[in-house]
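Derivation of every value follows stated rules applied to the coordinates shown; laboratory data play no part. The model shown is predicted, which means the values in this text are computed figures rather than measured ones. With ideal geometry, Cβ positions are generated from the backbone for all residues, glycine too; neighbour counts draw on all protein chains shown.
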Number of protein chains: 2
Amino acid sequence: MAALADLKNVAQLLDWDQQTMMPPGGAPARAETVATVQKISHEMFVSDETGRLIEAAAARLDGAPADSDEASLVRVTTRQWDKARRVPAQLAADMARASSIGQQAWVAAREASDFAGFVPYLERNFDLIRRYIDCFDSFDCAYDVLLDDYEPGGRTSEVARLFDELKGELRPMITEVERHHDRVDDSPLYGDFPVDRQRQLVKWLLEQMGFDRAAWRIDDAVHPFATGFSNHDVRITTRWDESFLPTSVYGAMHECGHGLYEEGIAQSLQRTPLGHAESLALHESQSRMWENMVGRGRPFCGVLAPRIGDVFGGGLSALDGDTLYRAVNRVAPSLIRVEADEVTYGLHIIVRFELEQELVEGRLAIRDLPEAWNARYKEYLGVEVPDDAHGVLQDVHWAAGLIGYFPTYALGNLIAGQMFERAHADLPDLDAQLGAGDMHGLREWLREHVHRHGAKFSSSELLDRLVSGPIAVGPFVDYLKAKLSQVYDLELR
Amino acid sequence: MAALADLKNVAQLLDWDQQTMMPPGGAPARAETVATVQKISHEMFVSDETGRLIEAAAARLDGAPADSDEASLVRVTTRQWDKARRVPAQLAADMARASSIGQQAWVAAREASDFAGFVPYLERNFDLIRRYIDCFDSFDCAYDVLLDDYEPGGRTSEVARLFDELKGELRPMITEVERHHDRVDDSPLYGDFPVDRQRQLVKWLLEQMGFDRAAWRIDDAVHPFATGFSNHDVRITTRWDESFLPTSVYGAMHECGHGLYEEGIAQSLQRTPLGHAESLALHESQSRMWENMVGRGRPFCGVLAPRIGDVFGGGLSALDGDTLYRAVNRVAPSLIRVEADEVTYGLHIIVRFELEQELVEGRLAIRDLPEAWNARYKEYLGVEVPDDAHGVLQDVHWAAGLIGYFPTYALGNLIAGQMFERAHADLPDLDAQLGAGDMHGLREWLREHVHRHGAKFSSSELLDRLVSGPIAVGPFVDYLKAKLSQVYDLELR
């Protein structure tokens, strides 16, 4: 298991390097390398010997409690092994290779807004994913197979139910605030923000959150992400927009939220299958909580605003917490998911969740995807997509073969709502701490209740420990309503 | 073999990342990852199946000429397999782990000039290397086992003979030029050189040599090196000294010379054991040729001098080729190998070659190494070593378990002398090309005669094709005498 954990770190380093460092000419060799590592790793894992070792370990558990490291290791590994056993090593290698090639093709396609040239790569990924789905007969539907990889135990029907409820809440909320769109001014966020000063601001921000040069690094990437090769080697990435400040500021807080999760995983779980977080909904609950609930929350805006003023000067010198708070919480339907406000964000996800199910089930052809995408954006968000770079080509996920991944983003928002509510109950002075720029209390609370467990628990197991219930829409929606009521001077209920 | 080539690229990426990117906290996990990759790779390679595949391939060669890709693949792989078979996978993994840990410890030890704290790491590496040597009974002496890893077919007795001859030539040469040390002024090389301007100069320089952003990258490293993950993904590193210009300029030319070798290896050899150069003496012949014979040669100094003037201005505005040529070829015994002039450089290597034999054979104890180092520097170079950072801790090699590696540097100088002589014979206007800043002719000549062959030939096989003879001291010494005669206005014969 330790050797397999090492190989997983290798795969993640190969991917990190490809996205941040590798010259483009390295792509063909990289794809082969990625495929080889995946194949070797897969063959090692699915061997009969692994099965015998799991059995022997299970026999020696001797009533260890379900949340012990030992019982969790056996439980999680058994589930992963049962699933991986059904997938031929060659298919796993082909998928890894296609992912690497697809990502590289996507960078060029997005730059040129060239969907037609990108079609063969997408078709290859969806062909492979259907062959992958065919390896399983134990799931209710095709999409469940995929969802389960990113959200262990997740079920499409349950996600659809949650998303229906969420959509039912979000759309009237959006209609209501749009009627009062003139009450919020986000013009302070637009201007001329030299990258070197942004770096200075982001450096300060990350240090407040716990970024430590001895165990972290930050680099630039087209599509920001976070990864880690141990709890003392955390890599985050961001991008810089010289005319729009939130891209870097909130992007960095988001990725740092992911990084804190990886950093917080217990030392005892390192070099085991539990040593990286497995539920991407849990992972996203961390990034979104730091980005939105903390970073866009009223208390911390009071600290961030004067800091922005100090760094950029000029008209921003007098920026105050209230002005910043309103500006960064302006709701406006838009084209780009990663730049969407917290309210419309969920609709961006629902579009993708619906479309990828249709693609997987063959109800939608790849070549018809841009048209369907644009129509869905018009219907749900009321926006016209001008070109594919601002439409279907904006995300790397499908290019990288990450199909079934998107819903975890919106689930993460819901979980973050539940956790943030609980954190406030446990830490009555949390707002005062954040208002003083002190993130230590929240970080340690998350480490204790979430991070240290690594992959021991599925999101529903963890939520059950934390809030005695399953993923729910309520707390997140209550949080949004409270915030928008302040920002827009409304009484949303 | 392709999968093994992929794993070799993984190992090189892990190392590149550790030396350029990894936060220090990542070191323990990295060491385990490196060990795992080495163990898996070793087990795959030494398997009986590999033996059967080699035999089957050999049987199907059907009289293919020795320099064909196919025959070379069988010949080189057989030799590597025979050697690797004798080494237990666990030992290979332990050596890889110790190398990774040792490198990290070295960075800290060098910074603190703390040899005592570094002793356990060195002892571990030398213990392992002795266990490694014990795996073999087919070599004349212990050191041959090691040398053969870096210089296939190399023999200690032959290297000792060449080095004796070299030492006999260098020492009177040094004595002679030191008598006239006032004839050469290298003060233009010292001053205030802001790193951003150095980067600009180095960028231009590398582009002249063939650096292409689509297939190369350059980063900073404590101990500069070059590596590559394919002929289209070449990574070089350099370091910057704000008060001494040659560190970056000639360091970058040196590493770019290595990079051109990796880039020039034929496409047909990629993802095979022949896809990376194997003889480090050949590799070093390339880096040293570009650094010294080209970069410190009179023709190119005429192009470089005005460029330095343009970039740094001030007193350097009027720098001319003659002045630069003399300055960068000043001979002066010094402490640091990588900053040594071309003449004393060989003595730095001979010190290391002698000491590591004594260490391997147990004639010298690790704890006595600094004293022996300092005494040898006093004897051969006439310099006093002020502290271990400027003495025994200056190089990463022993820390990384690279024992038997150093002599390849001086052998590389000798081979470069032979090749540069031959290149001049083949390209009568080579000096005129370099004097016009045109490096294309030499680069293509090297690609044709050296680079494209990858690991097909040992250095002696390649030299036999090129100059119909073995490694020899004469051409390098003739080249030095001609240069020093110009630089010092002497008649060296």
>> Taking the beta-carbon count within 10 Å as an exposure proxy, list B:E169, B:E371 from fewest neighbours to most.
In response: B:E371, B:E169
>> With a cut-off of 8 Å between alpha carbons and a minimum separation of six or more residues, what is the relative contact order of the range B:2-142 in percent?
In response: 28
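Restricting the count to DSSP beta bridges whose residues both fall in the range A:156-488, what percent are antiparallel, rounded to a multiple of 5? All intermediate terms of the calculation are to be shown ahead of the outcome.
Working: 5 of 10 bridges.
Of the beta bridges lying entirely in the range A:156-488, close to 50 percent run antiparallel.
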>> Can you compute the modelled spin-label distance between B:D127 and A:T175, with each label point 7 Å from Cα toward Cβ, in nm?
In response: 7.5
> What's the exposure ranking of A:V385, B:V37, going from fewest to most Cβ atoms within 10 Å?
Replying inline: A:V385, B:V37
>> Relative to 2.2 N^0.38 Å, what does the C-alpha radius of gyration of the range B:77-191 come to as a ratio? Two decimals please.
In response: 1.54
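Multiply the residue gap between A:R52 and A:F244 by 0.36 nm, knock off their C-alpha separation, and tell me the result in nm, one decimal place.
Numbers: separation 192, 0.36 × 192 = 69.12 nm, distance 5.55 nm.
Length gained, A:R52 through A:F244: 63.6 nm.
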>> Please list, ordered by chain and number, the residues whose modelled amide H lies under 5 Å from the amide H of A:L492; skip anything fewer than 5 residues away on the same chain.
In response: A:S485
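How much FRET efficiency would the formula 1/(1 + (r/R0)^6) give for A:A318 and B:D387, where r is the Cβ-Cβ distance and R0 is 51 Å, rounded to 0.05?
On the way: r = 54 Å, r/R0 = 1.06.
FRET efficiency, A:A318 to B:D387: 0.40.
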> What is the projected area of the convex hull of the Cα atoms of the range B:2-142, averaged over all directions, in nm²?
Replying inline: 10.6
> In the structure shown, do any of A:K203/B:K8; A:K83/B:K39; B:K83/B:K378; A:K39/B:K456 have a Cα-Cα gap over 30 Å, and if so which?
Replying inline: A:K203/B:K8; B:K83/B:K378
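Order these by the 10 Å Cβ neighbour count, fewest first: B:W81, A:W373. Display every interim value, and only then the final one.
Details: B:W81 17, A:W373 21.
Ascending Cβ contact count within 10 Å gives the list B:W81, A:W373.
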> Seen from all sides and averaged, what is the projected area of the convex hull of the Cα atoms in the range B:235-370, in nm²?
Replying inline: 11.3
> Name the residues of the range A:1-28 whose amide N is less than 16 Å from a point 7 angstrom out from the Cα of A:E43 along the C-beta direction?
Replying inline: A:4, A:7
> Looking only at the range A:426-465, which residues have a backbone nitrogen under 14 Å from a spot 7 Å from the Cα of A:D69 in the C-beta direction?
Replying inline: A:452-456
> Regarding the protein assembly as shown, what whole-number volume in Å³ per residue does the convex hull of its Cα atoms give?
Replying inline: 187
> When only C-alpha pairs under 8 Å and at least 6 residues apart count, what is the relative contact order of the range A:246-308, in percent?
Replying inline: 41
> From the label point of B:D182, set 7 Å along Cα to the beta carbon, how far off in nm is each other copy's matching point, shortest first?
Replying inline: 8.8
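Around B:C141, what is the net charge, scoring Lys/Arg as +1 and Asp/Glu as -1 over all other residues with Cβ under 10 Å from its Cβ? Mind dumping the intermediate values first?
Numbers: positive: B:R155; negative: B:D140, B:D144, B:E361.
Result for the neighbourhood of B:C141: -2.
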>> P(r) for the range B:223-292, please, calculated from all Cα pair distances in 10 Å bins and given in %.
In response: 22, 49, 23, 6, 1
>> Could you compute how fast the range B:130-223 diffuses translationally, taking Rh as the Kirkwood radius over C-alpha pairs and applying Stokes-Einstein at 4 °C with viscosity 1.567 mPa s? Give it in µm² per second.
In response: 69
>> Can you pull out the trypsin sites (Lys or Arg not before Pro) in the range A:1-88 whose DSSP state is coil and whose Cβ has at most 16 other Cβ atoms within 10 Å?
In response: A:R60, A:R86
>> Under the convention of a label 7 Å out along Cα→Cβ, give the distances in nm from A:E339 to the same position in every other copy, shortest first.
In response: 4.9
>> Restricting to DSSP loop positions (anything but H, G, I, E, B) with no more than 14 other Cβ atoms inside 10 Å of their own Cβ, which GluC sites (Glu not before Pro) remain in the range B:384-493?
In response: B:E384, B:E491
> Karplus couplings for the range A:334-345 from phi (6.51 cos²θ - 1.76 cosθ + 1.60, θ = phi - 60°), rounded to Hz, Gly and Pro as x?
Replying inline: 8, 9, 9, 3, 5, 9, 5, 5, 4, 7, 6, 3
>> Please compute, over every Cα-Cα pair in chain B, the percentage with a separation greater than 36 angstrom.
In response: 28
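So what is the relative contact order for chain A, in percent, with contacts set as C-alpha pairs under 8 Å and at least six apart?
Numbers: 730 pairs, mean separation 98.5, N = 493.
20 percent.
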> Can you give the average number of partner chain beta-carbon atoms within 10 Å of each beta-carbon in peptide A:36-43, as a whole number?
Replying inline: 3
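Tell me which GluC sites (Glu not before Pro) from the range A:205-266 have a DSSP coil assignment and no more than 16 other beta carbons within 10 Å of their own. Don't jump to the answer; show the numbers that get you there.
Working: sites: A:E207, A:E242, A:E255, A:E262, A:E263; in loops: A:E242.
Hits after loop and neighbour filter: A:E242.
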> Computed over the Cα atoms of the range A:258-307, what is the ratio Rg over Rh, Rh following Kirkwood?
Replying inline: 1.15
> Which value, to two decimals, describes the C-alpha radius of gyration of the range A:347-422 once divided by 2.2 N^0.38 Å?
Replying inline: 1.20
> Taking the label point 7 Å from Cα in the Cβ direction, how far apart in nm is A:R86 from each other copy of itself, listed shortest first?
Replying inline: 5.0
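Of the DSSP beta bridges with both residues in the protein assembly as shown, give the percent that are antiparallel, rounding to the nearest 5. Before the final figure, lay out each step's value.
Numbers: 10 of 20 bridges.
Percentage antiparallel, nearest 5: 50.
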> Under the Karplus relation 6.51 cos²θ - 1.76 cosθ + 1.60, θ = phi - 60°, what is the ordered set of whole-Hz ³J(HN,Hα) values for the range A:300-307, x standing for Gly and Pro?
Replying inline: 6, 4, x, 8, 5, 4, x, 5
